[in-house]
Amino acid sequence: MTDLRLALETSGSVGSVAVADATGVRARRFLTERHRHAQVLPATIDAVLAEVGAAWSDLSAVAVGVGPGSFTGVRVAAATANGIAHALGCPVWPVSSLAAAALASEALPGSTGPWPVDHGGAAPGRRRVLFDARGDRLFTAVYDVGADALVEVEAPSFARLSEVLTRPAADVFCGDGAVRHRDVLEGTGSRVLDPPAGVPTADGVLAVWARCPGEPMEAGTWAPSYLRETGAVRARNRT
């Protein structure tokens, strides 16, 4: 089996693994227990490979959601992707988890996955993704989504809700941060999409890769995107 690609995304509460070839996604699994992503990820990769009759050695590349999001989740996917790439001598494609979330509607049509709501898709246009970072804090970026393109309009950043509200409007908002602050956003006349729109998934990672291939990286030569210091770093800096 040639050109078999593995995608990992564990930056959010729902993690996922997918494998794809030139025809598209062949198999996927969702990780619904947030605090067990590290424990179940290797077995989940085994499961998706077994579903398509492939072995680890058949992988030609790994794509990974690099955050922002859960520090632990981002590190889990990054370490796993680097480990696989190092062992197999294959490249890694780091993809922003915010970008993956922006393409969730295209990557997961219908109600695929552990979500009770059929989001019904989203029209092409400018989407602001908001990831909840507790309180009124958010990770955010804006993407212009066309039929076959994805353009970064506003780079990923860490901001408070009040700051986001002063920035240029988007056609729709999505992500768990948008859902959390739905009342405020809809009070401004904005539209908020329900999950799985705005959820970073392995399918979304593959969709970004297909639209914006970027440059492959060697294992260990790239770093996750945290957008803010970890708690340990903040504590060390206070001493």
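Here the simple spin-label model places points 7 Å from the Cα toward Cβ, and for Thr72 and Arg137 these points are separated by 1.7 nm. Computed from the C-beta positions of Glu215 and Ala22, the FRET efficiency with R₀ = 22 Å rounds to 0.65. Axis of helix 71-88 versus longest Cα principal axis of the chain: the two differ by about 30°, to the nearest ten degrees. A P(r) calculated from all alpha carbon pairs of the chain, with 10 Å bins opening at zero, reads 8, 34, 36, 17, 4, 0 percent.
Along the chain, the exposed loop sites are GluC sites (Glu not before Pro) outside DSSP states H, G, I, E and B with at most 14 other Cβ atoms within 10 Å, and the longest stretch free of them is 34-217.
Provide the gained length on full extension for the span Ala55 to Val151, in nm with one decimal, where the gain is 0.36 nm per separating residue minus the Cα-Cα distance.
Numbers: separation 96, 0.36 × 96 = 34.56 nm, distance 3.45 nm.
The Ala55-Val151 span can extend by a further 31.1 nm.
Mind listing the long-range amide H neighbours of Arg26? Cut-off is under 5 Å, sequence gap 5 or more, other chains count too, H placed in the peptide plane at 1.01 Å from N. Residues meeting the amide H criterion: Val19, Ala20, Asp21. The long axis of helix 37-51 is offset from the longest Cα principal axis of the chain by roughly 60 degrees.
Each reported figure results from applying straightforward, stated rules to the coordinates on display, with no laboratory input. Only a predicted model underlies this, so the values are computations on that prediction, with no experimental measurement involved. Cβ atoms come from the backbone with ideal geometry, glycine included; neighbour counts cover every protein chain shown.
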